[in-house]
1. Cut-off 10 angstrom, C-alpha nodes, Gaussian network model of chain B. Which of B:Phe38, B:Phe98, B:Phe252 fluctuates the most?
2. For a quick size check, give me the Cα extents of the range B:89-189 along its three principal axes, largest first, whole Å.
3. Once the piece of chain linking B:Leu10 and B:Arg170 is laid out straight, how much longer is it, given 0.36 nm per residue of separation minus the C-alpha distance between them?
4. Using a Gaussian network model of chain B whose springs link C-alpha atoms within less than 10 Å, name the residue from B:Ala73, B:Ala287, B:Ala219 with the highest mean-square fluctuation.
5. Between B:Leu50 and B:Val261, take the C-beta separation as r, use R0 = 30 Å, and let me know the FRET efficiency to the nearest 0.05.
6. Give me the distance in nm between label points sitting 7 Å out from Cα along the Cα-to-Cβ direction at A:Ser8 and A:Trp59, one decimal.
7. So for the range A:2-90, averaging the separation of alpha carbon pairs under 8 Å that are six or more residues apart and normalising by length, what relative contact order in percent results?
8. Within 10 Å of each residue's Cβ, count the other Cβ atoms and sort B:Tyr269, B:Tyr146 from fewest upward.
Amino acid sequence: MIIDILSSILLLVGAALGIVGGIGIHRFPDFYTRLHAIGITDTLSALMILLGLALQAGWSIAAFKLAMIFVFLFFTSPTASHALAYAAQHSGLKPKLDQK
Amino acid sequence: MNLTLLPDLLLAGMLIGLAWAVLNSDDLRRGVVLFIAFGLLLAIVWARLLAPDLALAEAAIGAGLSGALLLVALRDGSGGDQRSAKRSTLNRWLIDLFVLVMTCLIGWVLWLTIYAEPVERLAQLANAMLERSGVSNPVTAVLLNYRAYDTLLELVVVLAAVLGVLVVGRERRGYREPGPVFHGLVHWLVPLLIVTAGYLLWVGAHAPGGAFQAGATLAAAGIVLRLAGYDAAGLPDGRLLRWLLVAGTGVFLLLGLGMTVSGGGFLQYPEAWSGSLILVIEVAATASIAAALVLAYRGGRSDGWLLVDEKDKNREISS
């Protein structure tokens, strides 16, 4: 029972963070800020959802697989964000600054 | 309405929407990115249809490698697509009409298939003979035993395609040096991909996996290497590369001919040996598929390709 409540909270928060990230990608003004929004979806949202699912799975091979997925995401998504930002900076894309 | 149908309907709707967006996007770059997303979604649909083999192949080859090849082509080309703007109204109407007719046809066929009289499906036949095929995964049994002929021809197609790539010309330069973070990732991602490929190859005998999936995974390792600035992308040069490219087709053909000589039909495995023979063919096919895909990504001959022997060298100089 407690596990069910805990996992549904985690899943809901994860889904909410995913939606927030999605809104961010649409609404943020330039490339670098959008990258920041993707970061939320990639790491915290994915972590919450995977944790929620792992709680549902209990101590099983499925939980182990979820853990492996998390480790994989933990390494690849920051690298992807970094590679994107690096490439953008390298090709001369300037961040959009407040112009008043 | 059945509520469990809702996610599937959503998936199907998104698939159609994405396909439409891919075809309709004016920007080629956006089209390619949407195409990759389309491939990933299609992989999920295959998984929902209980076809994990196809899901694996679609994710690795359809979304991953095709997407990478399209992105490379985009980089080499001019980038913009000016011609699309000049499409005439008549043309557009014809395309719309064609799509409508095709949709009706496909829908009709689907209707027929769903509501047809139950007949003996091929899947039942494949499962019935599974014990004699040497493997316990029906998909692998179909690919490499019942229909080995088809798979042989598929390998020939891959070989022909890569020969075409080689004829086109020299390879393009790799990407520039990536950042240190990506380097760190490459150092553990590439070994992981190689191990995964080996696992997929081995597990193909009794679970989803097999030569094409393993080959695509190996090729992904090659592409990651190439993106990290290793221009050879893990491929050898010269004679070894040539052997690698023809290994799959060659081993397949030789084994088939050997069976003909020893009394059976072409590619009719002796029952006791079929398991090991299939494994041998799959190993060779994996190496060839991976080499072919990476070479296609590299986009042509490398400098080392011609340095096989003096004769070739002279021929190249004189031409």
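Every number here is computed from the coordinates shown, using simple stated rules; none is lab data. This is a predicted model, so every value here is computed, not measured. Reconstructed Cβ throughout: ideal geometry from the backbone, glycine too, with neighbour counts over all protein chains shown.
1. B:Phe98
2. Sorted largest first, the three principal extents are 60, 57, 34 Å.
3. Values: separation 160, 0.36 × 160 = 57.60 nm, distance 4.50 nm.
Between B:Leu10 and B:Arg170, full extension yields an extra 53.1 nm.
4. It is B:Ala73.
5. On the way: r = 41 Å, r/R0 = 1.35.
Efficiency, rounded to the nearest 0.05: 0.15.
6. Between A:Ser8 and A:Trp59, the simple spin-label model gives 2.6 nm.
7. Numbers: 83 pairs, mean separation 28.7, N = 89.
It comes to 32 percent, rounded to a whole number.
8. Working: B:Tyr269 23, B:Tyr146 16.
In increasing order of surrounding Cβ atoms, one gets B:Tyr146, B:Tyr269.
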